[in-house]
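Visitor: To start, I am sharing the structure in question, which I have written as structure tokens.
Taken together, the values in this text are just the output of simple stated rules run on the coordinates, not laboratory data. Keep in mind that this is a model prediction, so the values were computed, not measured. Glycine also receives a Cβ, built like all others from the backbone with ideal geometry; neighbour counts cover every protein chain displayed.
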Amino acid sequence: MDLSEQINQLETDLLEIDSLLDKSERTRVQDVLKLEQKKIEKEISVKRNQKEQLAKREADPTSASKAYTVKINNYGWDQSENFVKIYITLNGVHKIAPENVKVTFTERSFVLLVNDLDGKNHQMTINNLLNPVNVQDSSKKIKSDMVLVMCKKKTTKKWECLTQVQKQIKEKDKPSVNPEENADPSDGLMSMLKKMYSDGDDEMKRTINKAWSESQDKKAKGDGDINNMGMF
């Protein structure tokens, strides 16, 4: 069924709802009919917009290729047991012809291409996915002002990142752990105090010396818990 036939069907549905509204006397029934009426009116508007764009492309087949391409950099993602889902917000994408939204998958990548949206083409390329995906079962969904790309996992393993590059950056940003620093907590404290004393100004050194003297007094009385801080 082409767009013209779809629009005709929707318009016929709308006329029937209008007729039912005129005959209906109960408020609850009227409310339900009005909701459906608005839904159909919106769908008709979308279909008409798609028809207009299709007519423009048929009149000038090169119009889409003439449009410049904008890279899509912003997206959100989450996952279920079986799918990794990437959400790309594009205002008005649900109003263009569905065939203008294409996604090409490989086991470790996908390319989203949206043609002729507001006079521009929009492209998003994601390479080096963290894990391989099932190409045949991966797909897209067009929602209101959004494209949802659904990558079918080959296993149900949870993904910690979307891509290998993101994982490498995440691991690089992790603080390094020095086993020697964790061998004895007091060693770490001593190293920190020594550095503070070495780098500090006169006021800092006086403060540390005072704290050191007080700790020694407490130790002599048997209530101190700082050991062997003889560094100054």
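Visitor: Order 68-76, 157-165, 94-102 from most to least packed using the mean count of other Cβ atoms within 10 Å.
Guide: Going by the mean number of other Cβ atoms within 10 Å, highest first, we get 94-102, 157-165, 68-76.
Visitor: With θ set to phi - 60° and the Karplus curve 6.51 cos²θ - 1.76 cosθ + 1.60, what are the ³J(HN,Hα) couplings of region 87-96 in order, to the nearest whole Hz, using x for Gly and Pro?
Guide: 9, 10, 7, 9, 4, x, 5, 6, 8, 8
Visitor: Of Leu162, Met124, Val147, which is farthest along the charge dipole of region 79-183 in the positive direction, counting Lys and Arg as +1 and Asp and Glu as -1 at C-beta?
Guide: Val147
Visitor: Setting aside same-chain residues fewer than 8 positions from Lys194, which lysines have a Cα under 17 Å from its Cα?
Guide: Here the lysines satisfying the reach criterion relative to Lys194 are Lys205, Lys210.
Visitor: Same structure again: If a/c stays under 1.5 just call it rounded; otherwise compare a/b with b/c (prolate if a/b is bigger, oblate if not). Do that for region 1-130, with a ≥ b ≥ c from the square roots of the Cα gyration tensor eigenvalues.
Guide: Because a/c hits 1.5 or more and a/b fails to exceed b/c, region 1-130 counts as oblate.
Visitor: Then there is this: Kindly write out, for region 75-80 in residue order, the coupling ³J(HN,Hα) from the Karplus curve 6.51 cos²θ - 1.76 cosθ + 1.60 (θ = phi - 60°), rounded to whole Hz, with x marking Gly and Pro.
Guide: Residue by residue, region 75-80 yields 7, x, 8, 8, 8, 10 Hz.
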